[in-house]
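Notes to accompany the following structure.
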Amino acid sequence: MATDGKITDEGVAQLRSRIGIPQLYPAPPHYRRPGEDAFRHVARSYGDDNPLWSDPGYAAGTRWRGPIAPPALIGGDSLIGEDSLTEAEEAGQAGLRGDPLRGVHAFYGASEREWWAPLGPDQRIFRRTALVGVIDRPSEFGGRGVQEWTAQAFRTQAGTLLGAQYRMMYRTERQEARERKKYEDIVAQAWDAEEISGIDKQYSAESPRGASPRWWEDVQVGDQIGPLVKGPLTVTDMVCWHVGMGMGMYDVAPLRLAYKNRQRIPRFYQTDELGIPDAMQRVHWDPAFARKSGNPTTFDYGRMRETWLIHACTDWMGDDAWLWRLRVEFRKFNYVGDVQWAEGEVVRRYLADGDRPAVDLELRTRSQRGEITSPATATLLLPSREHGPVRLPDPPGDAATLEGALEAAVGQFGRERS
């Protein structure tokens, strides 16, 4: 058994023994049958006003013939997907209880996502989840670190495979003195009226490309994506984020539901200055608690910046294109008061799989301090004058079932990391 707070060979081996075993997700889906309202709420949560997600009248005139979900909805941890396990798999869940690295610090380090088909409104969605990789990676302070990768695949009740995501939790032994020193020079950003006016001008110049096709033939290496301005970040932004995105894998809830959640995951709750138990997730909206964790003030979620990069892609590519893949690393905090610019450039234009007009992008979120907080890459499929409309990508391994899609995702992960 692993020692609390320490990464041991035994704990890592026990974690690796779970690779590929389907598991129940710890939180129910925020949306069981997401409809047009859910599409709109999710898009609004990260500041996206593209009418393709939110205006049925507009969407009816697009190639999709009606509203489709913004890409951020497909995946996003606990957003969608009822667990799809056999009775035998459900009966075996007892063997997956407990954390072999209990007490070891965990933070969201990276996300990889891919999308295979659009989601229309009012459909039940199912998911399968499994651990797919446990990789030794030393921490930046020289201690032992482990990347813990989990995959999820999603399908509709009718059997359409929608997409998949990988989530990387980085596990590292706590070295709090060094971690606190790392952030001690950060000062919360203040803004004057003239600076806010300048940011407002950037917002006023932004708009989705929409119905005007971004033809593959017209794109050149070096073309710029964005920048989209995001900020200055406020706690209100995070409140609106949670309205659309739910409360995540810890299923944070109020009142009697909070009591029940405390019984389920008591270590996730600590008493505040009034002696009231509250979720550790409040580092995102409680400045005093954030300072106790070694940060100068409250900060965002990495997933927020991921959706901002999705927004930059979909605004640039237009309604006729398709966001196929996105990979994001969450490297630095984005504090309340910070501004991020979601931006990038085209680095490759080619035919994917021999016949799909595609472009690869290098992306990033960049703060007013000049720091790259989230480097990213993406692959988009674009309409072509020569090759015709976008042809949607195939699931990995030409999978036709949810089980096959997750199995292929596990195999793909192993090949790419070997």
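The values are calculated or read from the model by the stated rules, or taken from the named source; none is laboratory data. These figures come from a predicted structure and were not determined experimentally. All Cβ positions, glycine included, derive from the backbone under ideal geometry; neighbour counts span all protein chains shown. Remember, those area values only see protein heavy atoms, side chains included, never the ligands or the DNA or RNA. Shrake-Rupley method; radii C 1.70, N 1.55, O 1.52, S 1.80 Å.
Return the Rg/Rh value of the chain, two decimal places, where both radii are evaluated on C-alpha atoms and Rh is the Kirkwood radius. Don't jump to the answer; show the numbers that get you there.
On the way: Rg = 21.4 Å, Rh = 22.5 Å.
My calculation puts Rg/Rh at 0.95.
Over the chain, calculate the relative contact order: mean separation of alpha carbon pairs under 8 Å at least 6 apart, over the residue count, as a percent. Each step should come with its number before you reach the end.
On the way: 872 pairs, mean separation 78.3, N = 418.
Relative contact order for the chain comes out at 19 percent.
For the range 19-89, with equal point scatterers placed on the C-alpha atoms only and solvent neglected, what are the log10 I(q)/I(0) values from the Debye formula at q = 0.19 1/Å, to two decimals?
Here log10 of I(q) over I(0) equals -0.77.
Report the local net charge at D48: Lys and Arg +1, Asp and Glu -1, summed over other residues whose C-beta lies under 12 Å from its C-beta.
Values: positive: R40, R44, K230; negative: D49, E206, D315.
That works out to 0.
Based on the mean of other beta carbon atoms within 10 Å per residue, what is the order of 294-300, 193-199, 68-74, 5-11, most packed first?
Listed from highest to lowest mean packing, they are 68-74, 294-300, 5-11, 193-199.
Using the Kirkwood radius over Cα pairs, work out the Stokes-Einstein diffusion coefficient for the range 157-268 at 37 °C and 0.692 mPa s, in µm²/s as a whole number.
Numbers: Rh = 20.5 Å.
In µm²/s, the coefficient rounds to 160.
Let me know the whole percent of all Cα-Cα pairs from the range 14-160 that are separated by more than 19 Å. Intermediate values should be presented prior to the final figure.
On the way: 6512 of 10731 pairs.
Value for the range 14-160: 61 percent of Cα pairs lie more than 19 Å apart.
Roll a 1.4 Å probe over the protein chains and send me the accessible area per residue for the range 291-418 in Å².
Details: 4740 Å² over 128 residues.
Per-residue accessible area for the range 291-418 comes out at 37 Å².
How far apart, in nanometres, would the label points at A94 and R331 be if each is projected 7 angstrom from Cα along the Cα-to-Cβ direction?
Inter-label distance under the simple model: 4.7 nm.
In cubic angstrom, how much convex hull volume per residue do the alpha carbon atoms of the range 255-322 span?
Values: hull volume 9.7 nm³, N = 68.
Value for the range 255-322: 142 Å³ per residue.
What's the ranking of 156-163, 375-382, 339-346 by average number of surrounding C-beta atoms within 10 Å, highest first?
Working: 156-163: 16.4, 375-382: 22.8, 339-346: 20.5.
The most tightly packed comes first, giving 375-382, 339-346, 156-163.
Among T234, W324, T86, which residue has its Cα furthest toward the positive end of the charge dipole of the chain, with +1 on Lys/Arg Cβ and -1 on Asp/Glu Cβ?
It is T86.
Order of 83-96, 228-241 by packing, highest average Cβ count within 10 Å first?
Details: 83-96: 12.6, 228-241: 18.0.
Going by the mean number of other Cβ atoms within 10 Å, highest first, we get 228-241, 83-96.
Give me the distance between the Cα centres of the range 180-247 and the range 24-77, rounded to whole Å.
If you average the Cα positions of each part, the centres end up 20 Å apart.
Compute the FRET efficiency between Q270 and R348 as 1/(1 + (r/R0)^6), taking r as their Cβ-Cβ distance and R0 = 60 Å, and round to the nearest 0.05.
Details: r = 47 Å, r/R0 = 0.79.
So, using R0 = 60 Å, E works out to roughly 0.80.
Over the range 186-324, what is the relative contact order in percent, taking alpha-carbon pairs closer than 8 angstrom and at least six residues apart? Can you show the working numbers first?
Details: 101 pairs, mean separation 49.2, N = 139.
That works out to 35 percent.
For the pair R369 and K260, what calculated FRET efficiency results from E = 1/(1 + (r/R0)^6), where r is the Cβ-Cβ distance and R0 = 35 Å, to the nearest 0.05? List each step's numbers first, then the result.
Numbers: r = 41 Å, r/R0 = 1.18.
In this case the efficiency is close to 0.30.
Answer rounded, prolate or oblate for the range 365-418, using the Cα gyration tensor with square roots of eigenvalues a ≥ b ≥ c: rounded when a/c is under 1.5, else prolate when a/b is larger than b/c, else oblate. Before the final figure, lay out each step's value.
Details: a/c = 3.20, a/b = 1.27, b/c = 2.53.
Note, shape of the range 365-418 comes out oblate.
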